[in-house]
Amino acid sequence: MSPSPIARLIQQLAKLPGIGEKTAARLAFHILRAPAEDAAALGAAITEVRAGIRLCSVCCDFTEADPCPVCRDERRDGTIICAVAQPQDVVAIERTGGYRGRYHVLHGVLSPLDGVGPDDLRITELVRRAGTGVGEVIVATNPSVEGETTAVYLAKLLRPLGVRTSRIATGVPMGGELEYADRLTLARALDGRREI
C-alpha cells in the first residue's frame, strides 16, 4: 500500500536540509490550509527553478542566463576572483556591497573523510580561469578544517601560475566581546590585524 499524499509530502519536505519530520509535517499542513493559488504557486516556483536554472559556464554559479549577470558586468574587475564554496556565499558577499570583482563557485570544499576530493569540485575550471589574466584569487571558504584544506590546496595550484592567492580575514565579529571569543578566533584576529 502506497503512502497517502500527505505522508508523501511530509517525506519529501523532510529531505530538505534543516527540516526534520515534525517541521515537515507542520509545513505540509500549512500548505494544505493555504489558499489553492498559494500552493500552486509554490509548486510552480519549484518546477520553474529546476527547469530554468543552470550553472554559469564561467563562474559555475546558478543562473538563468549564461553567462550570469556578474560575469557579464563590464564594471566588475575581471582580474580578481573570489572563490566560494557554495552559491549562497555569493549572495552573502554581494549583500555587503563592498566587493567589485568576479566569483567562482566551487560547489563544496575538500573533505576526504566524506569522500569529497578535487575532482568533485569546480577546481579545474578555477585553475583554467586563473591562467587568463587573473591577478588574485581570494579564497572565501568557511574557517573550518575543510575550508582551510581547500584554501591551502588552491594556493598550491595557483602559485605556479603567478596568481596571488589570499584568504578572507577571520576573527572577532563586530559587536563580539573578547572575553567570549575562543583562543583560535582571538589568535587569528591578532594575526590578521591591520594598521588603523
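The values are calculated or read from the model by the stated rules, or taken from the named source; none is laboratory data. Just so we're clear, the structure is a prediction, and the values are computed from it rather than from any experiment. Because the Cβ atoms are built from the backbone with ideal geometry, glycine has one as well, and the counts that use them run over all protein chains shown. Ligands, DNA and RNA are excluded from the accessible area calculation, which covers all protein heavy atoms including side chains. Shrake-Rupley method; radii C 1.70, N 1.55, O 1.52, S 1.80 Å.
Values as computed for the structure displayed
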{"item": "Subset tally (residues that are outside any loop (DSSP other than H, G, I, E, B) and either open to solvent by 50 Å² or more (accessible area, probe 1.4 Å) or hydroxyl-bearing (Ser, Thr, Tyr) (or both)) for the stretch 167-196", "result": "11"}
{"item": "Residues satisfying the stated conditions in the stretch 109-119, i.e. surrounded by fewer than 17 Cβ atoms within 10 Å (Cβ to Cβ) and either charged (D, E, K, R) or closer than 13 Å to Asp89 by Cβ (or both)", "result": "Asp114, Asp119"}
{"item": "Residue in the stretch 61-71 that is of a type in the set (A, V, I, L, M, F, W, C), in a helix (DSSP H, G or I) and more than 20 Å from the chain's Cα centre (by Cα) present", "result": "no"}
{"item": "Count of residues meeting criterion [part of a helix (DSSP H, G or I) and surrounded by fewer than 10 Cβ atoms within 10 Å (Cβ to Cβ)] in the stretch 33-50", "result": "4"}
{"item": "Every pair of residues 6+ apart whose Cβ atoms lie under 9 Å, when the first sits in the stretch 81-97 and is surrounded by 17 or more Cβ atoms within 10 Å (Cβ to Cβ) while the second is charged (D, E, K, R) and assigned to a helix (DSSP H, G or I)", "result": "Ile81/Arg129; Cys82/Asp89; Ala85/Glu146"}
{"item": "The stretch 11-29 residues that are open to solvent by 100 Å² or more (accessible area, probe 1.4 Å), paired with ones that are at pLDDT 95 or above and outside any helix (DSSP H, G or I) (beta carbon under 8 Å, 6 or more apart)", "result": "Glu21/Ala14"}
{"item": "Among residues of the stretch 104-137, those that are more than 20 Å from Phe62 (Cβ to Cβ), among the aliphatic types (A, V, I, L, M) and out of contact with any helix residue (DSSP H, G or I) (no Cβ under 6 Å at 6 or more places or on another chain), counted", "result": "2"}
{"item": "From the options Ile123, Ile168, residue that is of a type outside the set (Asp, Glu) and at pLDDT below 95", "result": "Ile168"}
{"item": "Answer residue from the stretch 65-80, given it is out of contact with any Cys (no Cβ under 8 Å at 6 or more places or on another chain) and without any contact (Cβ under 8 Å) to a residue 24 or more places away in the chain and is farthest from Gly162 (Cα to Cα) among those", "result": "Ala65"}
{"item": "Residue within the stretch 42-54 that is without any contact (Cβ under 8 Å) to a residue 24 or more places away in the chain, touching a His at 6+ places or on another chain (Cβ under 9 Å) and closer than 30 Å to Val139 by Cα present", "result": "no"}
{"item": "Every residue from the stretch 120-166 that is among the charged types (D, E, K, R) and either in a helix (DSSP H, G or I) or open to solvent by less than 40 Å² (accessible area, probe 1.4 Å) (or both)", "result": "Asp120, Glu125, Arg128, Arg129, Glu136, Glu146, Glu148, Lys156, Arg159"}
{"item": "Failed condition for Gly98, given (1) part of a loop (DSSP other than H, G, I, E, B); (2) touching a strand residue (DSSP E or B) at 6+ places or on another chain (Cβ under 9 Å)", "result": "(2)"}
{"item": "Residues of the stretch 1-21 that turn out to be closer than 17 Å to Ala39 by Cβ and part of a loop (DSSP other than H, G, I, E, B), as a count", "result": "2"}
{"item": "Among residues of the stretch 174-196, those that are under 22 Å from Ile93 (Cβ atoms) and touching a helix residue (DSSP H, G or I) at 6+ places or on another chain (Cβ under 9 Å), counted", "result": "2"}
